[in-house]
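Before any comments, here is the structure.
The values are calculated or read from the model by the stated rules, or taken from the named source; none is laboratory data. Bear in mind that the values here come from a model prediction, so they are computed numbers and not experimental data. Positions of Cβ are backbone-derived with ideal geometry, glycine not excepted, and every protein chain shown enters the neighbour counts. To get the accessible areas, we keep the full protein, side chains included, count just its heavy atoms, and leave off ligands, DNA and RNA. Shrake-Rupley method; radii C 1.70, N 1.55, O 1.52, S 1.80 Å.
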Amino acid sequence: MSDTPHTENTSSAAAANEKQLNFLEEIIEQGLNDGTYQSILTRFPPEPNGYLHSGHAKSICINFGLAKKYGGKTNLRFDDTNPVKEDTEYVESIQDDIRWMGFQWAGIHYASDYFDQLYEWAVVLIKKGLAYVDDQSLEEIRTNRGTVTVPGKNSPYRDRSVEENLDLFARMKAGEFEDGSRVLRAKIDMAHPNMMFRDPIMYRILHAEHHRTGNKWCIYPMYDYAHGQSDSIENITHSICTLEFDIHRPLYDWFIEQLDIYPSHQYEFARLNINYTVMSKRKLLQLVKEHYVSGWDDPRMPTLCGFRRRGYTPESIRAFCERIGVAKRDNIIDYSLLEFSLREHLNKVAQRRMVVLDPVKVVIDNYPEGKTEMLTAVNNPENADDGTREVPFGRELFIERDDFMEVAPKKYFRMAIGQEVRLRYAYFVTAQSVEKDADGNITCIHCTYDPATRGGDAPDGRKVKGTIHWVSAQHAIEAEVRMFDRLFATEAPDDAPEGKTFLDNLNPNSLQVLQHCKLEPALASASMYTNPETGITEPERFQFERLGYFCVDRDSTEGHLVFNRSCTLKDSWAKISK
RNA sequence: UGUCCAUUGGUGUAAUGGUAGCACAUCUGACUCUGGAUCAGCCAGUCGAGGUUCGAGUCCUCGAUGGACAACCA
């Protein structure tokens, strides 16, 4: 984080932005202004049952971002009330991902830390006649709940005495009953139009080992009974969640009110959706389990670890989250906005290198045999501080197969017979002839160069329309390059026709592996590195000129470099040519 | 068929009763040793009908459309 001094520009920009608050910022500012609270405390409450994805990134940016903006704090709280689904593995990865995103939590908590308190409060509610032990079976509870249009029926156990409820609940906790035989329910209204109020279940019996509390408990609180109280215990001022919890809010408030504890408040925003991707944990898990992708961190996955391996930067994801805004209406964000945010950042920070993905050999017939010269290339035209490097040049080179056509069509500025082009940072060359194999494929392009154009400029001032990249054949190093494209071929992968699933919408060409790509020697040292600020290992990122942004993959070994394509460059030729 | 939430260009998001703005995408053009970047510009919007008001995207009523809710998941 840079502490650039505030200039008049930034402060007036801030003033201009002041009016454009999202609805959460308005709520916070109002509360701050009217003294409801002196500072804010938010929380990010993942369940440790999977890896974080781009939807979580939005939530992280909102929760941590808001606290940061208003000088407050954010707790990380694992919502670990369901031991059968949760695991320490996820606890670790979630912390890594948050750190990678560049945020730091004030306190780290677990809903399971509050199990004792939650139990005591349940007893309080029983004593107040607001909770009861229900012996109905799962099926009975389900049918007696009614439907959204039909009121439910009271449980026959609903009017048990406080003493009996206390006794039964204690025995539930003591492990006297089997899983599923009894539950503790809040006693509210079985005919309530909001289904959440039809005597919601507070505790179920689960003889399962918990990743933190071990075998201490065999009853576990449900989300609705645990979440609000956990917020209250921590004095969370703003409990920010997604829209589907909107209908839970009255219940959230009800428990807090009945218990007469710190009144945390819940606010809901619309979850993030991005076209061409799926976001549900279930589907992401299926992609991994059934090997449609290589793992949670497959570079095509919308998980944070997937983005990281793909070469995304936290800055780009934060910028993306800033741009998508925060509101309450359902939305589907264009994938291109994500890519725009990535390019925007990488353009500023990624050093340029020359790499030929699909090589074809070029021989400069009038260049001295055996000669090598070093030419100076700019590392990053966007940042002079990145300096320059020396790139070896020789008689034999590789260029991109795409960059040559025997006969140039209109508006094709690259190499063609008789058409002079610039080899970037090197010389002007003109193709003279080609060699072909038996199938008619070009195996070698012969050209001539103009020695006076060394460095890429003609002393006589003549111009060329095209500049192409190249790698010296003698000095090239080889690497594998994984060309990724979007994982799904359709905009809304979840919309599958009858008899099909989202899997039928997978893009069969989402990964193309290229071997023996030719890289300039400077790339030999490309590697993974540990970010000193976060302690997270990240891949070194580059722009391969005219091709796109690429990063080192963690599969790279001593003698075998592997790169991932993060995204392409905008390609206006691609549009012209079609 | 119940309750709740939402509805502004292709996609997002502002405008807090007073000139409908910004970003992405698209398309044009300029510039360029990356057909990149940058710069300039074009196109394009208040779901509908009533009402309140000097004035409505904004407030009210009715309707339409989309979403959420009927796990001992979160």
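At 0.692 mPa s and 37 °C, plugging the Kirkwood radius over alpha-carbon pairs of the range A:472-551 into Stokes-Einstein gives what diffusion coefficient in µm²/s?
Estimated via Stokes-Einstein, D reaches 208 µm²/s.
In the structure shown, do any of A:500/A:578; A:289/A:518; A:68/A:328; A:69/A:289; A:58/A:173 have a Cα-Cα gap over 28 Å, and if so which? Table pairs above 28 Å Cα-Cα are A:500/A:578; A:289/A:518; A:69/A:289; A:58/A:173.
Taken over the C-alpha atoms, the range A:331-409 has Rg and Dmax values of 18.0, 61 angstrom.
Ordering A:394-400, A:126-132 by mean Cβ neighbour count within 10 Å, with the highest value first, yields A:394-400, A:126-132. Per the Debye calculation on chain A with a single equal scatterer at every Cα and no solvent contribution, log₁₀ I(q)/I(0) for q = 0.10 Å⁻¹ amounts to -0.95.
One chain, two ends: residue A:257 and residue A:104. Fully extended at 0.36 nm per residue, the span grows by 51.9 nm beyond their Cα-Cα distance. For the range A:395-525, the ratio of Cα radius of gyration to the globular rule of thumb 2.2 N^0.38 Å stands at 1.45. Net length available on complete extension from residue A:369 to residue A:117 is 82.5 nm, with 0.36 nm assigned per residue and the Cα-Cα distance removed. Using a probe radius of 1.4 angstrom, the carbon and sulfur fraction of the accessible surface of the range A:178-282 is 51%.
Listed by number, the DSSP H helices of chain A that run 27 Å or longer by alpha-carbon position along their axis and have mean Kyte hydropathy of at least -0.5 come to an empty list. At full extension, residue A:441 and residue A:33 could sit 139.6 nm farther apart than now, given 0.36 nm per residue minus the alpha carbon distance. Each peptide in A:46-54, A:137-145, A:96-104 receives the mean, over its residues, of other Cβ atoms within 10 Å, and ordering these scores from highest gives A:46-54, A:96-104, A:137-145.
Taking the DSSP bridge list for chain A and keeping only pairs wholly inside it, about 65 percent are antiparallel.
Taking every DSSP helix (H) stretch of at least 4 residues in chain A, weighting each as -39,500 (n - 2.57) and dividing the sum by the residue count yields a mean residue ellipticity at 222 nm of -8000 deg cm²/dmol. Working note: Debye formula, equal point scatterers on the alpha-carbon atoms of the range A:177-252, no solvent; log10 I(q)/I(0) at q = 0.22 Å⁻¹ is -1.09.
Kirkwood Rh over Cα pairs of the range A:49-107 into Stokes-Einstein at 25 °C, 0.890 mPa s: D in µm²/s?
D = 202 µm²/s.
Working note: Cα atoms of the range A:519-561, range along each principal axis, descending, whole Å: 31, 24, 16.
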